[in-house]
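The values are calculated or read from the model by the stated rules, or taken from the named source; none is laboratory data. Everything numeric here is computed off the predicted structure, so don't read it as measured data. For neighbour counting, all protein chains shown are included, and Cβ atoms are generated from backbone atoms with ideal geometry for every residue, glycine included.
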């Protein structure tokens, strides 16, 4: 059986060191060969991203270029319609029917799982690896509590031996970085850019500068 494939979704608008740190922490802690970062094309639970799908994919590729084992998967940007995680997992499951799939989510996203499209199907398609977020208490709602109680495991063994079905908690280093704060700072101009320089991969920041993203001079949205 091929080793597990982990998936980290999000808008990545823009990708920042918190995203990369999350993926790297889980990859190294679990000894994973591959973590795919999957930018949403049309996220169902929030307003559309500020940057185009083309630009967000480009920034991601620049940001992970020096991170062995981190790979950009643009399928949701290329796919028409809402970027439902369940559909992405179904596609990956069709490509590798027996390979363990690990959906990586922050604790805040996990607590909101019952609002996701066909959320119960996710457990039939993948394991869910939950990373603690600063200030978020894991207290599942009544709707989620049953899955939490029946699927939570204390050791990662089943992540490697079963294709799907468990919930596993993985500690990661705190990364209190917000993409919305980064966008707001970049919109301020030179002073804001300096304030967020350490939050972004240098190559991604250069791309933002070249494309004038997150400013009044931003390029029109590219077709995605």
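Screening residue 133 on (1) part of a loop (DSSP other than H, G, I, E, B); (2) surrounded by 16 or more Cβ atoms within 10 Å (Cβ to Cβ); (3) at pLDDT 95 or above shows it passes everything except condition (3).
Go through the stretch 149-162 and report how many residues are in a loop (DSSP other than H, G, I, E, B) and either closer than 30 Å to residue 94 by Cβ or in contact (Cβ under 8 Å) with a residue 60 or more places away in the chain (or both). Steps first, answer last, please.
The initial filter retains those residues of the stretch 149-162 that are in a loop (DSSP other than H, G, I, E, B), namely 154-156, 162.
When the remaining residues are screened for being either closer than 30 Å to residue 94 by Cβ or in contact (Cβ under 8 Å) with a residue 60 or more places away in the chain (or both), the result is 155-156, 162.
Total satisfying the criteria: 3.
Sub-8 Å Cβ pairs linking a first residue in the stretch 185-208 that is over 15 Å from residue 59 (Cα atoms) to a second residue that is surrounded by fewer than 14 Cβ atoms within 10 Å (Cβ to Cβ), at least 6 apart or interchain, are 187/216; 193/209, ordered by first then second residue.
Every residue in the stretch 103-122 that is surrounded by 19 or more Cβ atoms within 10 Å (Cβ to Cβ), touching a helix residue (DSSP H, G or I) at 6+ places or on another chain (Cβ under 6 Å) and either closer than 16 Å to residue 3 by Cα or touching a residue at least 60 places away in the same chain (Cβ under 8 Å) (or both), please. Across the stretch 103-122, the qualifying residue is only 104.
With respect to being in a loop (DSSP other than H, G, I, E, B), modelled with pLDDT of 95 or more and crowded, with 19+ Cβ neighbours inside 10 Å, residue 205 falls outside the description. Restricting the stretch 169-191 to residues that are assigned to a loop (DSSP other than H, G, I, E, B) and crowded, with 16+ Cβ neighbours inside 10 Å, the residue that is modelled with the lowest pLDDT is 175. Residues in the stretch 24-61 that are surrounded by fewer than 21 Cβ atoms within 10 Å (Cβ to Cβ) and closer than 24 Å to residue 209 by Cβ were compared, and the one that is modelled with the lowest pLDDT is 48.
Can we say residue 138 is over 17 Å from residue 9 (Cα atoms) and either surrounded by 13 or more Cβ atoms within 10 Å (Cβ to Cβ) or over 17 Å from the mean Cα position of the chain (by Cα) (or both)? Taking the combined requirement at face value, the residue satisfies it. Screening the candidates 146, 165 for the property of being under 29 Å from residue 115 (Cα atoms), outside any strand (DSSP E or B) and touching a helix residue (DSSP H, G or I) at 6+ places or on another chain (Cβ under 9 Å) yields one hit, 165.
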